[in-house]
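Chemist: I'd like to ask some things about the structure below.
Nothing in this text is a laboratory measurement; each read-out follows from the coordinates by a stated rule. Predicted model, so just to flag it, every value in this text is computed and none were measured. Every residue, glycine as well, gets a Cβ built from its backbone with ideal geometry; the counts of neighbours run over all protein chains shown.
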Amino acid sequence: MKIHEYQAKGILNSQGISVPEGMVVDNTKAGQKAAQSMGFPLAVKAQIHAGGRGKAGAIRIVADMEELKKGLDDILGMAIKGLTVKKILIEKAVKIRKQFYLGIIADRARQSNVIIVSGEGGMDIEEIAKLYPEKIKRVSLKSPDKLEDENISGLMSFLGLAGEIRESFAKIVRGFFSAYIKADAQLAEINPLVLTEADQLIACDAKIIIDDNALFRHPELELFKEEAEDNELEKEAHRRNLAYVKISGDIGIIGNGAGLVMATMDEVKRAGGSPANFLDIGGGAKREVMQNALEIIYMDKEVRGIFINIFGGITRCDEVARGIIQVLEKTPSSLPIVLRLAGTQCEEGRRLLGNSNLITAEGMEEGANRIVSLVKSR
């Protein structure tokens, strides 16, 4: 479950991490009233469950009431990656001396929680990894719920922190890790963690993704779950009774069974690709389900290739093949499609698809490597 920046900052602040003074509004008049009490300059930030706010012009620094009004009028109602901005966080702008990145993620490949830091805060961490891999440090934790002093010391040495800042940073890392564990998070980020001109460390942006399966332990966090669903792809997929989640990426993923789909996404990531979605057609899927799934992937304009990974147990591969054929006949596409079929009636499924332009793979790893290679060559 994704939560908004202001909600994530509330969680961090409860663990002793400083955040800018701010207020959430849903109309221009309320925003102007908030500004009168806080004073300028202010940061005006769209609150949506999607990245790319800055590039879309949905994060602005405003110096006076006129700029504030224009910013609020421009951002409220703005559509970003299919989501409509309905809330805006207005907060005090800070004077920045240095920006850091601080993150924690559950890494399945390493089978541990991993803390990530960089002295290049404010940028997309994936961009930093591509352009400046030497400026990122990853520390795999030995214990799933314990942070060692040596871990923190290693992070501070890598960032070149000295003096009183070391003590402040250590306190933030401990509070950040505590917030991550207590919330049963899958990912948490502070980007940027700002060192101000007054030598204070402040979390100027925050992101937390909470494990849905742990929400029964957190009724207070479940209140953050928004009933309104603005993403049109997710809305249409759920109307068709598909388990679908849209994420940023360009490789469409279809599989049967949540575990297989997640493993497929991991394999695509390991191959250097970026999954565009989670889509589980479930066990025993009929041709209509497969047809609906492929049509949903086709609707995503960011998709540049598709990997279909089916292991037939109670799902029959020939039924999956018939669903694929119906979509290909109805809506031909130039997108490369890699298909891995294994299990019940897989030979019949492959025979039915013999005249199609699909590329087949014997295993998941081979399929992931092939679709990533095809997408990168386009």
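Chemist: Search the structure for amide H atoms under 5 Å from the amide H of A361, placed 1.01 Å from N in the peptide plane, and list their residues when 5 or more places away or on another chain.
Modeler: Those lying under 5 Å, H to H, from A361 are L339, R340, L341.
Chemist: Still on this structure, please answer the following. Under a 10 Å cutoff between Cα atoms, tell me which one of Y101, Y132, Y244 has the largest fluctuation in the Gaussian network model of the chain.
Modeler: Y132
Chemist: Each residue of segment 190-207 in turn: what ³J(HN,Hα) in whole Hz from Karplus with 6.51, -1.76, 1.60 and θ = phi - 60°, glycine and Pro shown as x?
Modeler: Going residue by residue, I get 10, 8, x, 8, 9, 8, 7, 5, 8, 6, 10, 9, 10, 7, 8, 8, 8, 9 Hz, with x marking Gly and Pro.
Chemist: Thinking of the chain as a set of Cα atoms, what percent of all their pairs are more than 38 Å apart? Write out the running numbers ahead of the final one.
Modeler: Working: 19369 of 71253 pairs.
Considering the chain, 27 percent of its Cα-Cα pairs are separated by more than 38 Å.
Chemist: What number does segment 58-98 give for Rg over Rh if you use C-alpha atoms and the Kirkwood radius?
Modeler: Numbers: Rg = 11.9 Å, Rh = 11.5 Å.
Result: Rg/Rh = 1.03.
Chemist: Exactly which trypsin sites (Lys or Arg not before Pro) in segment 79-125 are in a DSSP loop and have at most 10 other Cβ atoms within 10 Å?
Modeler: Working: sites: K81, K86, K87, K92, K95, R97, K98, R108, R110; in loops: K81, K86, K87, K95, R108, R110.
Here the sparse-neighbourhood loop sites are K95.
Chemist: List the residues, sorted by chain then number, that are 5 or more residues from G121 or on another chain and whose placed amide H is less than 5 Å from its amide H.
Modeler: Q99, F100, Y101
Chemist: Further, regarding this structure: Taking every DSSP beta bridge that has both residues in the chain, what percent is antiparallel when rounded to the nearest 5? Provide the component values of the computation, followed by the final result.
Modeler: Details: 48 of 64 bridges.
Around 75 percent antiparallel, to the nearest 5.
Chemist: OK, next. Specify the residue with the greatest mean-square fluctuation among I128, I104, I308, computed from a Gaussian network of the chain linking alpha-carbon atoms under 10 Å apart.
Modeler: Among I128, I104, I308, the largest GNM mean-square fluctuation belongs to I128.
Chemist: 222 nm [θ] for the chain, helices only, -39500 (n - 2.57) per DSSP H run of 4+, per residue, to 500? Walk me through the numbers on the way to the answer.
Modeler: Values: 13 runs with 141 residues, N = 378.
For the chain, the value works out to -11000 deg cm²/dmol.
Chemist: Related question: Would you mind checking K55/K98; K29/K86; K45/K137 for any pair whose Cα atoms are more than 24 angstrom apart?
Modeler: Working: K55/K98 21 Å; K29/K86 14 Å; K45/K137 29 Å.
From the list (K55/K98; K29/K86; K45/K137), the Cα-Cα distance tops 24 Å for K45/K137.
Chemist: Hey, what D do you get for segment 223-378 in µm²/s if you plug the Kirkwood alpha-carbon radius into Stokes-Einstein at 25 °C and 0.890 mPa s? Can you show the working numbers first?
Modeler: On the way: Rh = 15.3 Å.
Estimated diffusion coefficient is 160 µm²/s.
Chemist: Based on alpha-carbon positions alone, could you give the equivalent ellipsoid semi-axes of segment 96-222 from the gyration tensor, as √(5λ), descending, whole Å?
Modeler: Working: eigenvalues 111, 53, 46 Å².
The three semi-axes for segment 96-222 are 24, 16, 15 Å.
Chemist: Mind checking segment 320-375 for GluC sites (Glu not before Pro) that DSSP puts in a loop (not H, G, I, E or B) and that have at most 15 other Cβ atoms within 10 Å?
Modeler: Numbers: sites: E329, E347, E348, E362, E365, E366; in loops: E362.
Those satisfying the criteria are E362.
Chemist: Also: Compute the acute angle (0 to 90°) between the alpha-carbon long axis of helix 258-270 and the principal axis of greatest extent of the alpha-carbon atoms of the chain; round to the nearest 10°.
Modeler: For 258-270 against the chain, the angle is about 70 degrees.
Chemist: Ok, one more. If one takes the longest principal axis of the Cα atoms in the chain, at what angle in degrees, from 0 to 90 and to the nearest 10, does the Cα axis of helix 364-377 lie?
Modeler: 70
Chemist: Turning to a different aspect of this structure: Any idea what Rg and Dmax come out to for segment 21-92 if you just take the C-alpha atoms, in Å?
Modeler: Cα-based Rg and Dmax for segment 21-92 come out at 11.0, 33 Å.
Chemist: Going by alpha carbons, how many degrees (0 to 90, nearest 10) lie between the helix axis of 149-159 and the longest principal axis of the chain?
Modeler: Approximately 80 degrees, to the nearest 10.
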